Amino acid sequence: MTRQGTGDRLAEPAPAGWLRPLCRRTRRFGVAYACAVASLALGPSVAGAAGAEAPDPPSRSYFVYAAAESDDEVSIIRFGPAGAEVVKTITVGSFPAEVEGPHGLSVDPDGRHWYVSIAHGFPYGSVHKYETGTDEWVGDVTLGLFPATLDVSASTGLLYAVNFNLHGPLEPSSISVVEAETMTEVARVETGIRPHGGRLSPDGSFFYSVNMMDFELVEVDAFAFQITRRLPLGDGVMPTWVTRPTRDGKVYVTGNNVAKIFEVDLASWRVARTFETGPGPYNLDLTADGATLVATYKGGDAVGFWNLATGREIARTPTSRTIPHGVVVTPDGEYAFVTLEGVGADPGTVEVYHVATGERVDAVDIGKQAGGIAFWKMED
């Protein structure tokens with residue numbers, strides 16, 4: 001039995017003058033917020049943005065999907081001229097009595113459907129497909145153990161999902177290839193131990209992923225369904241994410257346990273530059289022009305903003321709650337949305353940052369353990 005949109009709820013408008021529970025809005029967009037709990041205070045950037053002019057409110061609205069892994073929910077967040085708000089929450093999964101763990105999210109290139117990986121199963125996880133707009137369930141497919149990051153090809157319509165196998169033995173796992181129209185698994189590529197993070201090249205010809213416990217970056221021929229290259233990142237270096245390739249043929253890979261980000265040149269297949277970061281770099285995203293890299297520092301409770309032309313971190317901003325997880329940058333490069341897992345009874349949080357300054361401009365709470373996040377659309 002699959003939950004087909006049951007339990008969906010539209011968010012009620014927030015009371016005037018409030019950002020979220022416990023917080024009173026005093027000045028908006030990069031200036032100050034007063035919060036009843038000091039640990040939730042939205043503070044300024046600690047590097048780079050000091051003295052910068054506060055950003056203006058956006059002139060358009062941005063929509064993202066964000067998953068709450070411990071509540072089996074996916075929320076739609078809108079950020080626009082009036083600020084950030086949760087406009088809808090969708091219950092996902094197949095077994096209402098179980099915590100199934102929605103983990104990765106992706107919206108297909110034509111914007112008609114969104115996909116969520118469900119990490120936990122009996123024993124295998126799955127990916128579920130929903131229609132955007134209505135958020136009606138369309139179909140699902142059973143994959144491997146703990147499917148996590150996923151991406152959809154604009155050229156073939158194929159979906160690629162890494163089977164992270166987080167709780168299993170340290171043995172090679174795989175990448176599943178799914179025909180998204182019918183939600184049928186058509187191939188499974190053995191890749192390595194604890195595969196995580198995965199992004200397609202713009203033309204859909206290659207899929208890049210990392211093997212956390214094999215300490216390597218891998219390149220998969222997305223048409224032939226086979227690994228073409230492996231790049232060791234150093235003995236014991238645990239990567240957790242890789243970006244999509246830039247126009248000049250670079251990808252960026254986190255060294256989560258060594259506080260580094262590696263710039264990999266795809267033509268030479270070597271590390272071209274190494275950036276020293278905050279503790280625990282975890283997820284990454286790029287502006288569309290490849291000029292700025294945004295990183296979540298899971299071990300440092302901060303978000304970093306990197307100028308890739310100079311190789312310098314232009315801002316590092318503390319997060320309002322603990323354990324930053326996912327990040328997605330808007331197509332116009334103006335804003336980055338970041339998920340915070342929180343701990344204990346904390347709700348999850350989605351924060352919004354102004355990319356040019358690294359300044360946090362808003363935040364909104366969702367279900368517990370916010371993790372996966374995907375951009376949906378912009379509206380003028």
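Would you work out the charge dipole size for the stretch 297-358 about its Cα centre, treating the Cβ of every Lys and Arg as +1 and the Cβ of every Asp and Glu as -1, and quote it to the nearest 20 debye? Could you put the intermediate results ahead of the total?
On the way: 4 positive and 7 negative charges, 38 e Å.
So the magnitude is around 180 debye.
Can you give the local net charge around ASP214? Use residues other than it whose beta-carbon is closer than 12 angstrom to its beta-carbon, Lys and Arg +1, Asp and Glu -1.
Numbers: positive: ARG194, ARG230; negative: GLU171, GLU190, GLU216, ASP235.
With Lys, Arg at +1 and Asp, Glu at -1, the net is -2.
Taking 2.2 N^0.38 Å as the expected size of a compact globular protein, what ratio does the Cα radius of gyration of the chain give against it, to two decimals?
Working: Rg = 19.4 Å, N = 380, 2.2 N^0.38 = 21.0 Å.
Cα Rg divided by the expected 2.2 N^0.38 Å: 0.92.
Rank the residues ASP289, ASP362 as a footprinting-exposure proxy: fewest other Cβ atoms within 10 Å of their Cβ go first.
Details: ASP289 10, ASP362 27.
Starting with the residue having the fewest Cβ neighbours, the order is ASP289, ASP362.
At a temperature of 10 °C and a viscosity of 1.306 mPa s, determine how fast the stretch 147-302 diffuses translationally according to Stokes-Einstein, using the Kirkwood radius over alpha-carbon pairs as Rh; express D in µm²/s, rounded to the nearest whole number.
Calculated translational D: 103 µm²/s.
For the pair SER59/ASP380, report the inter-label distance in nm, with labels modelled 7 Å from Cα in the Cβ direction.
Going from the SER59 label point to the ASP380 one covers 0.9 nm.
Residues of the stretch 218-239 with backbone nitrogen within less than 18 Å of a virtual label 7 Å along the Cα-to-Cβ line of VAL186, please, listed as ranges.
Within reach of a label on VAL186, which here means backbone N under 18 Å from a point 7 Å along Cα→Cβ, the stretch 218-239 contributes 220-227.
What does the net charge come to around PRO331 if you take all other residues with beta carbon closer than 12 Å to its beta carbon, with K and R at +1 and D and E at -1? Mind dumping the intermediate values first?
Working: positive: ARG60, LYS377; negative: ASP285, ASP289, ASP332, GLU334.
After counting each charged neighbour, the total is -2.
Please list, in order along the stretch 137-143, the HN-Hα scalar couplings obtained from phi with the Karplus expression 6.51 cos²θ - 1.76 cosθ + 1.60 (θ = phi - 60°), rounded to whole Hz, x for Gly and Pro.
Coupling constants for the stretch 137-143: 5, 10, x, 8, 8, 7, 10 Hz.
Neighbouring Cβ atoms within 10 Å as the yardstick, rank VAL350, VAL338, VAL329 fewest first. Kindly include the intermediate steps, with their values, before the conclusion.
Working: VAL350 24, VAL338 28, VAL329 21.
With the fewest neighbours first, VAL350, VAL338, VAL329 line up as VAL329, VAL350, VAL338.
How big is the stretch 245-380 on each of its three principal axes, counting only the C-alpha atoms and giving the largest first in Å?
The principal-axis extents, from largest down, are 47, 40, 22 Å.
Give me the tail of P(r) for the stretch 49-167 as a percent: Cα-Cα pairs with distance above 23 Å. Before the final figure, lay out each step's value.
Working: 2572 of 7021 pairs.
For the stretch 49-167, the share of Cα pairs beyond 23 Å comes to 37 percent.
Give the long-range amide H neighbours of VAL355: residues separated by 5 or more places, or on another chain, with amide H under 5 Å away, using H modelled in the peptide plane at 1.01 Å from N.
Correct list: TYR335, ALA336.
In the neighborhood of PRO172, defined by Cβ-to-Cβ distances under 10 Å, what is the net charge if each Lys or Arg adds +1 and each Asp or Glu adds -1? Can you show the working numbers first?
Working: positive: ARG194; negative: GLU171, GLU190, ASP214.
It works out to a net charge of -2.
Along Cα→Cβ, 7 Å out, is where each label goes; now give me the distance between the ones at SER70 and ARG247 in nm to one decimal.
With each label placed 7 Å out from Cα toward Cβ, I get 4.3 nm.
How about the stretch 159-205: which GluC sites (Glu not before Pro) there lie in a loop by DSSP and see at most 16 other Cβ atoms within 10 Å? The partial results should precede the final answer.
Working: sites: GLU179, GLU181, GLU185, GLU190; in loops: GLU181.
When the GluC sites (Glu not before Pro) of the stretch 159-205 are filtered for loop state and at most 16 Cβ neighbours within 10 Å, GLU181 remain.
Among all the lysines, which ones have a C-alpha under 28 Å from LYS129's C-alpha, if same-chain residues fewer than 8 places away are not counted?
Within the straight-line cut-off, LYS129 pairs with LYS88, LYS368, LYS377.
Rule-based calculations on the coordinates, nothing more; no lab input. This one's a predicted model, so the numbers in the text were calculated from it and none came from an experiment. Counting neighbours? That spans all protein chains shown, and the Cβs are built from the backbone with ideal geometry, glycine included.
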